[in-house]
Amino acid sequence: MAIDLVSRRAWGARAPRGGYTPLNATRGVKVHYTGGRVDPGIVGDHDLCISLVQSIQRHHMDGNGWMDIGYSFVACPHKKVFEGRGLHRLPAANGSGLNSGHYAVLGLVGNAGLVQPPDGVLHAILDAVEHLRERGGAGREIKGHRDGYSTDCPGEPLYAWVRRGAPRPGGGDGDGGDGDGGGDGDGTKAPPFPGRLLRYPPVTRGEDVRTWQRRMRARGWDIAVDGAYGAESREVCRRFQRRQGVADDGVVGPVTWRLAWEAPAAAEPREPADAPRTPGAPETPGAAGASETSGAPEAP
Ligand SMILES: [Zn+2]
Ligand SMILES: [Zn+2]
């Protein structure tokens, strides 16, 4: 499928301060995350993606003093690709000395809140990569920001995906794919949210509960598929929520429902950390704080 591009005009980008440094070609692309908390609510509301990208640009221009948002493109959970600096323009987010080597693509996940990249984010990152290869002179490399630079970025889940070779979720229509799968994500889309919260107490009963339990069981959780959401289901839900970095209220709402299908299932279940590690400062807002590349000059 063609790239679903959100133009600068469409997301209300501010004009850059000054001219871009032209970029003829790069070795490839470096993948980033926000480094701060990302509201899991963006999964259900693309308008929140737009606000977030605007706030990142504001932070980069007014906080870091950069001429524009530092990224070439930004990938959101809705498989949409926001135009940042765009094609053939030097990014700023890779860190001083590293910007001319790779374009910079941000996936809208953080180190708290929305931590696991939804499939839509992974698709959108790959759409941006292919766009950069076809139109921007990008080479074949897909790396993480941390490759060659001291940072946690792009976070464990995204970096693990990069290290696996950045497979298309579901194994479909990847470049040069041989069509027999091999992707780690199963590319499943969540069925529509049933429209009521699955919670306990009292016990919630119904086919929607059974659907969710069946899915959690398929993900490897030890849970009975009996259509009754009681203490056991609530406990599984809480552990899953902690694993996903969302509030562990033990209630299956729209975000927890979607994550059950769309969050990568690798290494699940496993005991979650008590709290996400937050080494270093975030590179974009959400949490306040200077960018990890704050103060870095834009010059290559
Ligand atoms: Zn980064
Ligand atoms: Zn979006």
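Each value in this text was obtained by applying a stated rule to the coordinates, not by laboratory testing. Note that the structure is predicted; figures quoted are calculated from it, not measured. Here the Cβ is made from the backbone with ideal geometry for all residues, glycine too, and neighbour counts use every protein chain on show.
Between the amide H of A104 and those of K30, S72, F73, distances stay under 5 Å, these residues lying 5 or more places away or on another chain, with hydrogens modeled in the peptide plane. The slack in the chain from L87 to E232, taken as 0.36 nm per residue of separation less the alpha-carbon distance, amounts to 47.1 nm. Per-residue extension of 0.36 nm, minus the Cα-Cα distance of E156 and A218, leaves a gain of 20.0 nm for this segment. For R89, the residues whose amide H sits under 5 Å from its own are L23, ignoring neighbours fewer than 5 places away on the same chain, with H placed 1.01 Å from N. Most tightly packed first, judged by the mean number of other beta-carbon atoms within 10 Å of their residues, the peptides 237-246, 221-230, 114-123 read 114-123, 237-246, 221-230.
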